[in-house]
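Novice: Right, I'll just put the structure down here and ask away after.
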Amino acid sequence: MEKRENLKDAVEEIDSKEIEMDLEELLEESIDEDYEELIKKASKYDEIKETQKKIEATKKVMGIKNKKFKEKEKELEEKVEKFNREREEFIQKNINENDKKFEEIFQVVNKQQQEFQDKISELNRKLIESSRYESEYLALLKENELLKEDKQENTRRLIELNDRIKELEYLEDKIEIIKEVELLRDKVEDLEKDKNIYVQKSKDFEIKFNEEKNKNEEISMENSILKTKITRLKGRLQEFEEIEKRKGNSGDTTANTFKEYINSEKEIVKSTKFQPYSGDFETVTGFIKYASAANFEYDEKTIRAFLASVKSSKFTILKGFSGTGKSSLPKLFAKYLGAHCEVIPVQTNWKTKSDLLGFYNHFTNRFIPTKFTETLFRANVNKDKIFFVVLDEMNLSRVEYYFSEFNSKLWSDKDDRFIELFDGVKIYDEELKDYLVSGNKIAIPDNIIFIGTINEDDSVSPISDKIYDRAQVIDFITLPQSTSVGDIDKTETKDYSYTYERFMHNNNSNNGESYMLKFQHINKYMRNEFNKNLAFRSMKQIGDFCSIFIGSCDKRKDMKSKEIDVIDAIDMQLVSKFIPKIKYAYSGDFESKLKKFREEIVNSTFKGVDNIDDLQIFIQIDMLLKEIEY
């Protein structure tokens with residue numbers, strides 16, 4: 001601002017008159033100079049004129065700017081004045097409010113100070129009173145001591161008097177006691193005699209009771225055996241009656257029975273309508289609704305596991321406690337697919353393969369087939385149709401006794417997959433040549449899905465590792481959610497079927513390969529620590545199961561849900577394939593090995609997974625550890 005004022009003053013000092021006088025003097029002095037010098041000065045005059053014009057223009061601009069500056073300065077002064085006025089008002093207002101608050105606080109402090117003084121006065125008063133009470137208390141203590149001394153003296157004298165009284169009473173009672181003792185001694189002798197008599201009677205009664213109890217147990221056992229035999233004989237008798245009805249009195253041979261199965265199934269083939277398979281996910285969701293209509297409630301995870309099991313293995317085991325829906329699931333599923341399902345109730349006295357397949361009666365020269373064998377014939381005729389064979393409660397008898405040979409043949413190459421129906425006799429018939437090999441063997445066709453249900457309690461036989469190793473295993477650990485009893489007859493009977501080949505086709509065959517490294521690592525660890533190993537067949541089943549299980553999910557699921565599906569698939573296969581292997585691998589340090597095995601699975605397979613204790617593999621391992629403790 002100061003520079004601007006100086007510039008203004010300098011400009012105002014320049015006066016045009018002075019400039020003109022200088023020019024006139026300059027002209028007078030230049031008269032005597034030559035023409036060229038005059039021209040130069042004239043030129044300089046023109047420059048000065050031009051400079052004068054610029055100065056005038058600058059003065060006008062500076063005047064305008066000065067005017068605007070004064071206006072701004074005035075406006076700023078007004079704002080400053082307004083601000084100072086408002087500041088004064090604000091300060092005055094705060095001073096008044098603070099004075100008011102200070103006055104209130106001062107009054108409160110004075111009041112509290114007065115109350116404090118009153119309390120001090122009260123405490124001083126109570127202190128004086130307590131001093132007076134203290135004197136009275138000391139006097140009472142002294143008086144109490146004197147009373148205690150008197151009491152002790154009186155107590156001592158009372159004891160002495162009681163002792164004297166007791167001495168007198170004792171002398172009187174002693175005479176009476178002696179008399180009573182004599183009488184009691186006689187009574188005790190009589191009671192002892194009675195006791196010996198009753199003890200002997202009690203022993204005799206106990207012996208008779210145990211004899212009767214043993215007789216009852218023997219009778220109950222015999223009744224149970226007889227009931228089992230009656231049930232089995234009734235089944236056999238029914239089979240005989242059906243065969244005799246079919247044969248009549250014509251004396252037909254076994255070949256006629258087989259022909260009847262074949263011809264009957266050929267008629268079914270003519271009327272069977274096949275429909276394209278809708279897909280795994282559609283089958284799972286459709287079946288759950290289908291079963292729910294008949295009051296059977298199954299969760300999606302269980303159905304996907306069942307579907308993946310029957311498509312990845314020729315044999316599936318459903319295990320769990322009674323009432324969990326094990327037997328109903330394959331029957332319902334077969335009905336939903338339009339397949340045939342044959343349920344074979346296993347009996348406790350099954351010992352050989354003839355109990356499964358049937359036996360040859362050499363007296364009548366007839367083979368008595370079972371429903372199991374009948375289904376083998378029908379499946380060989382209708383090879384496009386899906387057949388389910390369910391061995392219900394298959395561990396009521398030792399599985400190895402009646403199923404071992406069939407189980408071995410089941411996993412043979414297709415060219416060697418034949419089971420011998422009977423020994424020593426061969427049937428040659430032109431119509432049977434496509435179904436009977438060497439006169440007594442039948443092929444085990446691909447289109448039969450074998451399923452076994454087993455209960456887990458003390459009334460059943462254990463199953464060997466060989467059976468588990470070749471099967472897929474599904475644990476039914478939760479009871480059905482439905483509160484009403486399911487009825488399969490309420491479900492709709494399909495008028496079409498799916499072909500076995502289309503049903504078994506796996507569009508997700510490559511999905512499981514990325515998980516096989518985890519299973520191979522765990523398999524190697526199990527081999528080193530427990531001397532147990534999964535064969536190539538089992539490892540292939542694991543890969544197929546994982547790919548089918550994951551592929552059967554809703555494709556619209558988010559990434560987190562798909563990751564959970566992968567974890568579930570791995571978890572179920574660890575339970576199905578590895579737990580049966582190590583369950584009976586007991587050794588001195590089995591508990592320590594089992595804990596390390598658990599830790600190895602966590603680190604190699606489920607590291608970073610939330611809630612791993614809820615996974616079935618760890619629940620099963622923890623149950624094994626508890627069994628060891630008990």
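The values are calculated or read from the model by the stated rules, or taken from the named source; none is laboratory data. Worth saying up front: this structure is predicted, and the values here are computed from it rather than measured. Quick reminder, even Gly has a Cβ in these numbers, built from the backbone with ideal geometry, and neighbours come from all protein chains shown. The area values use the complete protein model at the heavy-atom level, side chains included, leaving out ligands, DNA and RNA. Shrake-Rupley method; radii C 1.70, N 1.55, O 1.52, S 1.80 Å.
Novice: Of the residues 449, 427, which is in contact (Cβ under 8 Å) with a residue 12 or more places away in the chain, β-branched (Val, Ile, Thr) and in a loop (DSSP other than H, G, I, E, B)? Explain how you work it out, then say what you get.
Specialist: Values: 449 fails: in a loop (DSSP other than H, G, I, E, B).
Exactly one of 449, 427 is in contact (Cβ under 8 Å) with a residue 12 or more places away in the chain, β-branched (Val, Ile, Thr) and in a loop (DSSP other than H, G, I, E, B), namely 427.
Novice: Considering the stretch 542-587 alone, what residues qualify as being at pLDDT below 90, small (Gly, Ala, Ser) and in contact with a Cys (Cβ under 9 Å, 6 or more places away or on another chain)?
Specialist: Result: 561, single match.
Novice: List pairs: first in the stretch 601-630 and part of a helix (DSSP H, G or I), second of a type outside the set (A, V, I, L, M, F, W, C) and modelled with pLDDT of 85 or more, Cβ under 6 Å, 6+ apart or cross-chain?
Specialist: Hits for this filter: 604/521; 605/518; 616/571; 617/571; 621/598; 628/591.
Novice: Considering the stretch 405-416 alone, what residues qualify as being without any contact (Cβ under 8 Å) to a residue 40 or more places away in the chain and either in a helix (DSSP H, G or I) or touching a strand residue (DSSP E or B) at 6+ places or on another chain (Cβ under 9 Å) (or both)?
Specialist: Let us first name the residues in the stretch 405-416 that are without any contact (Cβ under 8 Å) to a residue 40 or more places away in the chain, namely 408-409, 412-416.
Of everything in the stretch 405-416, those that are without any contact (Cβ under 8 Å) to a residue 40 or more places away in the chain and either in a helix (DSSP H, G or I) or touching a strand residue (DSSP E or B) at 6+ places or on another chain (Cβ under 9 Å) (or both) turn out to be 408, 409, 412, 414, 415, 416.
Novice: Still on this structure: Please verify whether the stretch 42-57 includes one or more residues that are at pLDDT below 80, open to solvent by 100 Å² or more (accessible area, probe 1.4 Å) and not in a helix (DSSP H, G or I).
Specialist: No, because not a single residue in the stretch 42-57 is at pLDDT below 80, open to solvent by 100 Å² or more (accessible area, probe 1.4 Å) and not in a helix (DSSP H, G or I).
Novice: Ok, one more. Those residues that are surrounded by 13 or more Cβ atoms within 10 Å (Cβ to Cβ) and modelled with pLDDT under 70, I need them from the stretch 496-520; list them, please.
Specialist: Those that are surrounded by 13 or more Cβ atoms within 10 Å (Cβ to Cβ) and modelled with pLDDT under 70: 508, 509, 511, 512.
Novice: Output the qualifying pairs, or none if there are none: Cβ atoms under 6 angstrom, residues six or more apart or on different chains, first residue in the stretch 501-517 and within 24 Å of residue 339 (Cα to Cα), second residue part of a helix (DSSP H, G or I) and at pLDDT 65 or above.
Specialist: Short answer, once both residue conditions are applied: 504/311; 506/548; 508/547; 508/551.
Novice: Among the residues of the stretch 343-385, which ones are of a type in the set (Gly, Ala, Ser) and either open to solvent by less than 20 Å² (accessible area, probe 1.4 Å) or in contact with a Pro (Cβ under 8 Å, 6 or more places away or on another chain) (or both)?
Specialist: Taking the stretch 343-385 and keeping what is of a type in the set (Gly, Ala, Ser), we get 354, 358, 379.
Once the filter is applied, which keeps residues that are of a type in the set (Gly, Ala, Ser) and either open to solvent by less than 20 Å² (accessible area, probe 1.4 Å) or in contact with a Pro (Cβ under 8 Å, 6 or more places away or on another chain) (or both), the stretch 343-385 yields 358, 379.
Novice: Being out of contact with any His (no Cβ under 8 Å at 6 or more places or on another chain) and surrounded by 15 or more Cβ atoms within 10 Å (Cβ to Cβ) is the filter here; which residues of the stretch 273-284 pass it? I'd like the intermediate steps shown before the answer.
Specialist: Start the filter on the stretch 273-284 by keeping residues that are out of contact with any His (no Cβ under 8 Å at 6 or more places or on another chain), which leaves 273-276, 278-284.
Hits for the stretch 273-284 are 280, 281, 283, 284.
Novice: Can you work out which of the residues in the stretch 285-294 that are open to solvent by less than 40 Å² (accessible area, probe 1.4 Å) and part of a helix (DSSP H, G or I) is nearest to residue 470 (Cα to Cα)?
Specialist: Only one residue fits best here, namely 287.
Novice: Collect the residues in the stretch 295-323 that are surrounded by 20 or more Cβ atoms within 10 Å (Cβ to Cβ) and in a loop (DSSP other than H, G, I, E, B), keeping them in residue-number order.
Specialist: Across the stretch 295-323, the qualifying residues are 296, 298, 313.
Novice: Still on this structure: Confirm whether residue 491 is of a type in the set (S, T, N, Q), open to solvent by less than 90 Å² (accessible area, probe 1.4 Å) and modelled with pLDDT of 90 or more.
Specialist: Numbers: of a type in the set (S, T, N, Q): yes; open to solvent by less than 90 Å² (accessible area, probe 1.4 Å): yes; modelled with pLDDT of 90 or more: no.
Against the criterion (of a type in the set (S, T, N, Q), open to solvent by less than 90 Å² (accessible area, probe 1.4 Å) and modelled with pLDDT of 90 or more), residue 491 does not qualify.
Novice: Another question, then. Can you tell me which residue in the stretch 552-576 is nearest to residue 540 (Cα to Cα), limited to those that are without any contact (Cβ under 8 Å) to a residue 60 or more places away in the chain and among the basic types (Lys, Arg)?
Specialist: Ranking the qualifying residues of the stretch 552-576, first place goes to 562.
Novice: Please tell me if residue 388 is under 23 Å from residue 257 (Cβ atoms), surrounded by fewer than 18 Cβ atoms within 10 Å (Cβ to Cβ) and of a type in the set (A, V, I, L, M, F, W, C). Please lay out each step first, then the result.
Specialist: Working: under 23 Å from residue 257 (Cβ atoms): yes; surrounded by fewer than 18 Cβ atoms within 10 Å (Cβ to Cβ): no; of a type in the set (A, V, I, L, M, F, W, C): yes.
For residue 388, the condition - under 23 Å from residue 257 (Cβ atoms), surrounded by fewer than 18 Cβ atoms within 10 Å (Cβ to Cβ) and of a type in the set (A, V, I, L, M, F, W, C) - is not met.
Novice: With the checklist (1) assigned to a loop (DSSP other than H, G, I, E, B); (2) over 16 Å from residue 552 (Cβ atoms) in hand, flag the one item residue 277 doesn't pass.
Specialist: With respect to (1) assigned to a loop (DSSP other than H, G, I, E, B); (2) over 16 Å from residue 552 (Cβ atoms), residue 277 is out only on (2).
Novice: Quick check, is residue 606 surrounded by 17 or more Cβ atoms within 10 Å (Cβ to Cβ) and within 30 Å of residue 412 (Cβ to Cβ)?
Specialist: Numbers: surrounded by 17 or more Cβ atoms within 10 Å (Cβ to Cβ): yes; within 30 Å of residue 412 (Cβ to Cβ): no.
No.
Yes or no, residue by residue, for (1) in a loop (DSSP other than H, G, I, E, B); (2) under 20 Å from residue 313 (Cα atoms):
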{"site": "495", "(1), (2)": "yes, no"}
{"site": "524", "(1), (2)": "no, no"}
{"site": "533", "(1), (2)": "yes, yes"}
{"site": "555", "(1), (2)": "yes, no"}
